[in-house]
Structure formats: structure tokens, C-alpha cells
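Notes follow the structure.
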Amino acid sequence: MLAATVAGEREAFAVFYRRYVSRVAGLLMRQTRDREVTADLVAEVFAAVLLAAEKFRGDGPAWPWVCGVAQNKLKESWRHGKVEDRARRRLHLEPAALADEDLERIEAMGQETNVVELLEGLPERQRRAVQARVLDERNYADIAQELSCSELVVRQSVSRGLARLRSALEEAGS
């Protein structure tokens, strides 16, 4: 979607935004615990992503890159004691007026179970195997070569990792 955005496809960034806005808002809400600051940060993150879209190499999933932009914007806001709005201003975007229901939805996003955090809690081999197979959509042979093991071991690691994630998600839901 970012490559299409850079190529001038107007709807591509809207699709990209819809795909990642909940994850970004949830990530930032869990860290700031302030729905208004989160809303401002989300706007600045996506403005920065749009401005830097051509810098995304596209050799993997966009989430880690977007997450890095979000973390940098959060650190910058802590350092300056406020949410910077340089990227939004460069795009000539006005601050959005948010209704109470928008702020409540942002707050709820921060309470959702974060699968990325659950993934990081897996044993290293399982985490790397699940990430490579499911998130990066790589084949078992490539993963086995990277992890210096057989394809069977990778398949078992992916299966066990997904089972652990499923169990953790079920626990979080109850």
C-alpha cells in the first residue's frame, strides 16, 4: 500500500490507514494512558508515515516500520513535553476535533490484547518461526535455513507457537 501511495494512488493510503490505525492507537494508548494525547499522536504518526512512505523498503511487513515511527513520535513527545505536529503541519492538515465516542473508542483500543506483545512472550525459536511464517509469509525451507534446523522443526515451532498464542488470546478474552 505504501508503494502504491508513493506512486500516486490516492485510495492506497486510506486502505493502509484503516489497516493499521487500531494497532497504532492501541499501542500508543497502552503507553500514554491518555486518550487525547493518543489521538494527537496517531494523527502525527500517520502524517509522518505519509511523508516518509518512499523510505519504506517494502522487503517485509509494514507493521514493524510503522511501530518504529509511532515509538519515535512517542519518545519525541516525551522529550518535548508535548505532541509535536510538524508532519501534520507539513501536510497542511488541521487538527481533528474528536467527539467523546471517538475518545472512548481510542481508550478501548488500549485495553485490547496486543498480539505483538503475546508474540514477544513466546520462546525465541517459536517467536522467530511464527513471525517468519505468519507475519512475513516466508516458506518453511527459508526459515529452516535461517534458524539452522529442519523444516519439520520449523513446522513444529510454528504449530506450538500458534497454539500458545491461541491459548493466551482465549485467556485474555475470558
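So here's what we get for this one:
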| quantity | calculated |
| --- | --- |
| Helices (runs of 4 or more DSSP H) contained in the stretch 119-174 and holding at least 1 residues modelled with pLDDT of 90 or more and surrounded by fewer than 16 Cβ atoms within 10 Å (Cβ to Cβ) | 140-147, 151-173 |
| Meets criteria (outside the structural domain of W63 (by TED's automatic domain parsing) and within 24 Å of R57 (Cα to Cα)) for V158 | no |
| Selected residue (criterion: surrounded by the most Cβ atoms within 10 Å (Cβ to Cβ)) from residues of the stretch 1-60 that are within 18 Å of K75 (Cα to Cα) and among the hydroxyl-bearing types (S, T, Y) | T38 |
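The values are calculated or read from the model by the stated rules, or taken from the named source; none is laboratory data. None of these values were measured; they are calculated from a predicted model. All Cβ positions, glycine included, derive from the backbone under ideal geometry; neighbour counts span all protein chains shown.
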